[in-house]
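To start, the structure itself, in structure tokens.
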Amino acid sequence: MDSDLLEVARATKGFMPDDEGLALHAAGLDAGRIGPLLEVGSYCGKSAVYLGAAARERGTVLFTVDHHRGSEENQEGWEHHDREVVDPVTGRMDTLPFFRRTIERAGLEDVVVAVVGYSVPIARVWRTPLALVFIDGGHAEDVAMNDYEGWAPHVLPGGLLVLHDVFDDPAAGGQAPFHVWQRAAAGGFQPVSTTGSLRVLRRAR
Ligand code: SAH
Ligand code: MG
């Protein structure tokens, strides 16, 4: 991956170590040959830089869906809260300005398309077949399952489904993404690789 873009990704707020980010980029390069990429959970744009870099290399685009109000686990009092991303006017989280700064800094404004809204209603009206869907939105059981049900049908045959924060040991982290992985693996997606908590599956051709 381009070293300037890697630096931007590293400097961006978020929870994705280098090895997982590079595995995500590699998945984007693999899938980007057959169509556009889509991410659920933009946050401040860290993972969008890894995927956006791949989309640029393949001459395609990355759609990235987020309401930018934070997941349950990002709210005040929870483990992953960051006070800097609270809008001082409304007191609510707003990561969209941070996201835009990241994509500008990365020079990816012509490649990364922000879709600002709730994942499920967008998935319901979505019509563009996708080469890769990366699910990293809310990690509550129902939220993660709804994202899977909404977006998995849009993955092209031979395309990739990528899940983040998958922990098979409950002591290591929440189980919802692992349950989604189990469901995908039983539902037409073949496990391809694991890098830390990042898991890649491929849809049968
Ligand atoms: N992929 C990012 C991190 C995403 S954090 C990175 O690696 O940098 C999870 C994001 O999912 C939060 O920004 C939150 O606002 C978003 N989110 C949670 N539930 C959502 C929903 N139902 N629709 C859209 N976005 C959602
Ligand atoms: Mg994550």
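The values are calculated or read from the model by the stated rules, or taken from the named source; none is laboratory data. Predicted model only: the values in this text are computed from it and were never measured. No Cβ is skipped: glycine too gets one built from the backbone with ideal geometry, and neighbour counts run over all protein chains shown. We work out accessible area using only protein heavy atoms, side chains counted, and drop any ligands, DNA or RNA first. Shrake-Rupley method; radii C 1.70, N 1.55, O 1.52, S 1.80 Å.
What residue, among those in the range 1-27 that are small (Gly, Ala, Ser), within 13 Å of ligand 1 (Cβ to nearest atom) and in a helix (DSSP H, G or I), is farthest from Glu84 (Cα to Cα)? First the steps, then the outcome.
Our first condition is that a residue be small (Gly, Ala, Ser); within the range 1-27, this holds for 3, 9, 11, 14, 21, 23, 26-27.
From the residues that got through so far, the ones that are within 13 Å of ligand 1 (Cβ to nearest atom) too are 9, 11, 14, 21, 23.
Restricting the remaining residues to those that are in a helix (DSSP H, G or I) gives 9, 11, 21, 23.
Values: Ala9: 18, Ala11: 15, Gly21: 23, Ala23: 28 Å.
Out of the qualifying residues, it is Ala23.
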(request) Among the numbered conditions (1) crowded, with 19+ Cβ neighbours inside 10 Å; (2) at negative phi; (3) of a type in the set (Phe, Trp, Tyr); (4) within 16 Å of ligand 2 (Cβ to nearest atom), tell me where Phe63 comes up short. (result) (4)
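Consider the range 116-128. How many of its residues are closer than 21 Å to Ile34 by Cα and either modelled with pLDDT under 95 or surrounded by fewer than 17 Cβ atoms within 10 Å (Cβ to Cβ) (or both)? Walk me through how you get there before you give the answer.
Pass one, the range 116-128, residues closer than 21 Å to Ile34 by Cα: 123, 126-128.
Okay, now just the ones that are also either modelled with pLDDT under 95 or surrounded by fewer than 17 Cβ atoms within 10 Å (Cβ to Cβ) (or both), so 127-128.
Residues meeting the conditions: 2.
Can you pull out the residues in the range 129-175 that are more than 14 Å from ligand 1 (Cβ to nearest atom) and either buried (at least 21 other Cβ atoms within 10 Å of the Cβ) or among the aliphatic types (A, V, I, L, M) (or both)? Please lay out each step first, then the result.
Keep residues of the range 129-175 that are more than 14 Å from ligand 1 (Cβ to nearest atom), which gives 129-131, 152-161, 167-172, 175.
Result: Leu130, Ala131, Ala152, Val155, Leu156, Gly159, Leu160, Leu161, Ala171, Ala172.
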(request) Could you please tell me which pairs satisfy a Cβ distance under 8 Å, a separation of 6+ or placement on different chains, a first residue in the range 56-78 that is under 13 Å from Met93 (Cβ atoms) and in contact (Cβ under 8 Å) with a residue 40 or more places away in the chain, and a second residue that is surrounded by fewer than 19 Cβ atoms within 10 Å (Cβ to Cβ) and of a type in the set (Phe, Trp, Tyr)? (result) His67/Tyr118; Glu72/Trp78
(message) Just to be sure I understand the filter: pairs with C-beta atoms under 8 Å, separated by 6 or more residues or on different chains, first member in the range 184-205 and within 16 Å of ligand 2 (Cβ to nearest atom), second member open to solvent by 40 Å² or more (accessible area, probe 1.4 Å) and assigned to a strand (DSSP E or B). Which pairs pass?
(response) Arg199/Pro191; Arg199/Ser193; Val200/Pro191; Val200/Val192; Val200/Ser193; Val200/Thr194
(request) Would you check which residues across the range 84-95 are out of contact with any Asp or Glu (no Cβ under 8 Å at 6 or more places or on another chain) and either surrounded by 15 or more Cβ atoms within 10 Å (Cβ to Cβ) or under 20 Å from Ala11 (Cβ atoms) (or both) and list them? (result) Glu84
(request) Determine if the range 172-194 includes at least one residue that is at pLDDT 95 or above, among the aromatic types (Phe, Trp, Tyr) and under 15 Å from the mean Cα position of the chain (by Cα). (result) yes
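If I ask for residues that are among the hydrophobic types (A, V, I, L, M, F, W, C) and surrounded by fewer than 17 Cβ atoms within 10 Å (Cβ to Cβ), which ones from the range 6-21 would you list?
Narrowing the range 6-21 to residues among the hydrophobic types (A, V, I, L, M, F, W, C): 6, 8-9, 11, 15-16.
Answer for the range 6-21, where residues must be among the hydrophobic types (A, V, I, L, M, F, W, C) and surrounded by fewer than 17 Cβ atoms within 10 Å (Cβ to Cβ): Ala11, Phe15.
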